Structures are given as C-alpha cells and as structure tokens.
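Structure, as structure tokens:
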Amino acid sequence: MNKILFFLLICSHISYSQFKNLQNFDERDLRFGYYIGINQYDNKVIYKNNTPYPISIDRAEGFNVGLIGELKLNKNLFLSLEPGLHANKKNIIFNEREEFTNYGDTLWVVKSNNIHIPLLLKYSAKRLDNFRPYLKAGLSTSINLNEIEGTLSNNGLENFKFEKFNFYYELAFGVDFYLRYFKFSPSIRGVFSLKNEIPNNTPDNPWTRNIDKFLTRAIFINFSFY
C-alpha cells in the first residue's frame, strides 16, 4: 500500500509540472486502454428468520485485469466498456454447530473466476493542468465460474453452485493523470449485486434453508493506462 501511495504522489507532482502533457488527448472520439487492479469480494446475507448463528465471510484480496474502450459523447461525458477477468477466493463459514458436525460442512471455500463486463457512464470534471477527476456509474454483468470445496454430498447438497450469471450496479471515483507519454487513471469502485445468487431449484438443506437472499458486494481498486 505504501508503494501505491508513493506512486500516486509522483503522479500528482508530475501533474503540477509547468508543462501540459497530452494536450490533444481528450479530442479523440474513441480511445483504448487496459487496467490491472485488486479486488475484495463480500456478501450480504438476508435471512428469512432471525438466526443466532449468522454466516461469516472470510474475505481475501484477488486481482483484476481487463481492457477498456471509451467513447466520447461530449467534452465531459464518456461511455466506457471494460470487460475483464476478476479472480478471487473467499471462505463462507457456517457458525451453527448442531447441524454441521464435520469441518467440511461448516466451511465452503469459494473460488471465483468472473468474466466481468461493465458498461459505465463517465463524467469528467474540467481538466486542471495535468489531472482531471471523474465519476463513473453504470450496470454490469458477470459469468461466475465458481467452485465450492466441502463435503456437501454427504448431506444431500451434491454439486451445489451459485447462480452462474449475475447483474450489478457500480459506482466509482478516480483521477486521470496526464503523463508525458500516456494517461494513468487510478480509481476505487463499489460493486453491488442486483440478483439473488441462490438458485431457485436448490433442494431443501440446512445451509440455504434460512437464506432469503445472498448478494455479492465488492470493492475494486483499478489502475488504468490509456
């Protein structure tokens, strides 16, 4: 994290230099780039009835990588398509120990490889020297190729998977730094699921019986280059 802050400080110093970099960059109608970053996925669990043993989510950082296509609508508005691959791993812990006696019953290890496709509207403020803050908002979808590790088949929940397709809304804040040869754009983004991820045809079982909705939330920190 200290290295990231140091890098951003260097970019800020360059942005305040006496030279205005990439003066005609924003005149382009179409521009392309790529991003790399880190993510942290979480879940919001809504229960049908009050429970003394809520589910715990043990979160870990993953990584993002993808491409960017940006279309200029006017001097402040841009339409951005940002398909990418987002990888993550987290543990879902069931704290009820009366129904779950084996270790594999109380722990689901969820490995996610999401093909994530957001379509976002970007509003950029007026450029100041060599930097320009912006906001992004929009909708996205993902194909979730997850796997769950645990002894689920011993208790009648064989081959359980979360919903493969998901839908989200996204909100982001970032800053464009105009460097000498390229534009660097760090951002932080909140991602919020719109869809219940427990399949409708899931058989009755002690794991999902009391869950009304299981929704994904995530934070992305992306570093984009144009």
Here the residues within the stretch 210-224 that are closer than 12 Å to Ser185 by Cβ and either touching a Phe, Trp or Tyr at 6+ places or on another chain (Cβ under 6 Å) or of a type in the set (Ser, Thr, Tyr) (or both) are Asn222, Ser224
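Just for the stretch 149-175: of the residues that are closer than 22 Å to Asn39 by Cα and in contact with a helix residue (DSSP H, G or I) (Cβ under 9 Å, 6 or more places away or on another chain), which one is modelled with the lowest pLDDT? Lay out the reasoning, then the answer.
Taking the stretch 149-175 first, the residues closer than 22 Å to Asn39 by Cα are 149, 161-175.
Retained after the next criterion (residues that are in contact with a helix residue (DSSP H, G or I) (Cβ under 9 Å, 6 or more places away or on another chain)): 149, 175.
Working: Glu149: 61, Val175: 96.
The extreme case among them is Glu149.
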Which of the residues spanning the stretch 91-121 are touching a Phe, Trp or Tyr at 6+ places or on another chain (Cβ under 6 Å), surrounded by 14 or more Cβ atoms within 10 Å (Cβ to Cβ) and not β-branched (Val, Ile, Thr)? Phe94, Glu96, Phe100
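Of all residues in the stretch 62-105 being of a type in the set (D, E, K, R) and outside any strand (DSSP E or B), which is nearest to Asp176 (Cα to Cα)? Outline the logic, then answer.
Within the stretch 62-105, the subset of a type in the set (D, E, K, R) is 70, 72, 75, 82, 89-90, 96-99, 105.
If we keep only those that are outside any strand (DSSP E or B) as well, we get 75, 82, 96-99, 105.
Values: Lys75: 14, Glu82: 16, Glu96: 48, Arg97: 50, Glu98: 53, Glu99: 52, Asp105: 47 Å.
So the residue we want is Lys75.
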Please specify each residue of the stretch 127-148 satisfying the condition of being part of a loop (DSSP other than H, G, I, E, B), farther than 18 Å from Lys72 by Cβ and modelled with pLDDT of 90 or more. Asn130
Please go through the stretch 61-80 and pick out each residue that is surrounded by 13 or more Cβ atoms within 10 Å (Cβ to Cβ), touching a residue at least 40 places away in the same chain (Cβ under 8 Å) and of a type in the set (A, V, I, L, M, F, W, C). Ile68, Leu71, Phe78, Leu79
Examine the stretch 31-54 for a residue that is of a type in the set (Lys, Arg), closer than 23 Å to Arg97 by Cβ and surrounded by fewer than 17 Cβ atoms within 10 Å (Cβ to Cβ), and state whether such a residue exists. yes
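Okay, residues lined up against (1) without any contact (Cβ under 8 Å) to a residue 12 or more places away in the chain; (2) of a type outside the set (D, E, K, R):
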| site | (1), (2) |
| --- | --- |
| Ile38 | no, yes |
| Pro52 | yes, yes |
| Arg59 | no, no |
| Glu82 | no, no |
| Lys89 | no, no |
| Asn95 | no, yes |
| Glu99 | no, no |
| Lys111 | no, no |
Ile36: of a type outside the set (Phe, Trp, Tyr) and modelled with pLDDT under 85, yes or no? no
Based on what the data block shows, is Ser124 surrounded by fewer than 20 Cβ atoms within 10 Å (Cβ to Cβ) and modelled with pLDDT of 90 or more? yes
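The values are calculated or read from the model by the stated rules, or taken from the named source; none is laboratory data. Bear in mind that the values here come from a model prediction, so they are computed numbers and not experimental data. With ideal geometry, Cβ positions are generated from the backbone for all residues, glycine too; neighbour counts draw on all protein chains shown.
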